[in-house]
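The structure under discussion appears below in the form of structure tokens.
Read-outs throughout are calculated quantities, based only on the coordinates presented, and are distinct from any laboratory measurement. Small disclaimer: the values here were computed from a predicted structure and weren't measured. Counting neighbours? That spans all protein chains shown, and the Cβs are built from the backbone with ideal geometry, glycine included.
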Amino acid sequence: MIRPVPSRRHAIADDLRRKITSGHLRAGERLPSEAQLATHYTVSTPTLRSALALLQAEGLVEKIHGNGNFVRRPLRRITYAGGGGAPATWTAFSAPLRMTARATNIEATSHLTTLLNVPPHSPLTEVLFTTHEGKTPHSLAHIYVPHDITPATPPLPEQIAVSLADLRPPLSEVQERVSARLPTHEEATTLRISSSLAVLSVTRVSTDAAGRVVEAALLVLPGDRADALFTTRYVTDERSSN
């Protein structure tokens, strides 16, 4: 049986992968420049970059613009816990990630008018959440809430969840749509991931009993460090077993 000869980019990726997994190249270590690596492997720069893109997509190499390529430190995985019938939360398997939040008062643009079912230019509060592990960005979330129900306290997920839980009329439905896609250029740059690394995209829309959309969230979770978990609990009638 004749085995196919691996392409140059796959051969380079295999060699670098072996060096990383064997510890010859250690976590946090800067790789030689792309020009140096291209010379070492006697390939063109585009071929070398294509090989590095394979490792970036696997989460083994991180490219920091202006600084070069680095062996990525292992990132803890996080779980997006949805399906609970209330605004979902982040759950880390170990120590919590560091979270930053920035709130901005905006007017609803075309896609937000559709998402929140509000007239154009309606006042909204946009909250951008970014989680970090050390200095490395971990995930992104854009949350949009009508301005009149934005919590007065610092806009952390817990405050927003409490604010929505106390609504009158109360929450009636939380709909979540999950898809896998490639990141936008802005997302890839902010999260410092390869443009070829798939992300989980979660769109969550919370509606109260009167049919008003009270929160819309757009979450971006890199596929190499995040899972989405949805749990359905059934209420059983104990009388049926008697």
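Relative to the current alpha-carbon distance between residue 179 and residue 121, full extension at 0.36 nm per residue lengthens the span by 18.1 nm. Charge tally for residue 202 (other residues, Cβ to Cβ under 12 Å; Lys, Arg +1; Asp, Glu -1): +1.
Both radii are taken from the alpha-carbon atoms of the range 8-71; with Rh as the Kirkwood radius, Rg/Rh is 0.92. When 78, 64 are sorted by how many other C-beta atoms sit within 10 angstrom of their C-beta, beginning with the fewest, the order is 64, 78. With a Förster radius of 41 Å applied to the C-beta separation of residue 15 and residue 114, the computed FRET efficiency comes to 0.25. Taking every alpha-carbon pair under 8 Å whose residues sit at least 6 apart, the range 8-71 reaches a relative contact order of 43 percent. Taking a point 7 Å from the Cα of residue 58 along the Cα-to-Cβ direction, the residues of the range 14-40 with backbone N closer than 16 Å to it are 14-28, 31. Each peptide in 127-134, 116-123 gets a packing score, the mean of other Cβ atoms within 10 Å over its residues, and the list from highest to lowest is 127-134, 116-123.
Taking other residues whose beta carbon is less than 14 angstrom from the beta carbon of residue 76, and scoring Lys, Arg as +1 and Asp, Glu as -1, yields +2. Fully extending the segment from residue 101 to residue 30 would add 22.5 nm, taking 0.36 nm per residue of separation and subtracting the current Cα-Cα distance. Extension gain, residue 7-residue 22: 0.36 nm per intervening residue step, less the Cα-Cα distance, totals 3.2 nm. Electrostatic tally near residue 212: other residues with Cβ closer than 14 Å to its Cβ, Lys and Arg +1, Asp and Glu -1, net -3.
Highest mean first, the peptides 175-186, 137-148 sorted by other C-beta atoms within 10 Å per residue fall in the order 137-148, 175-186.
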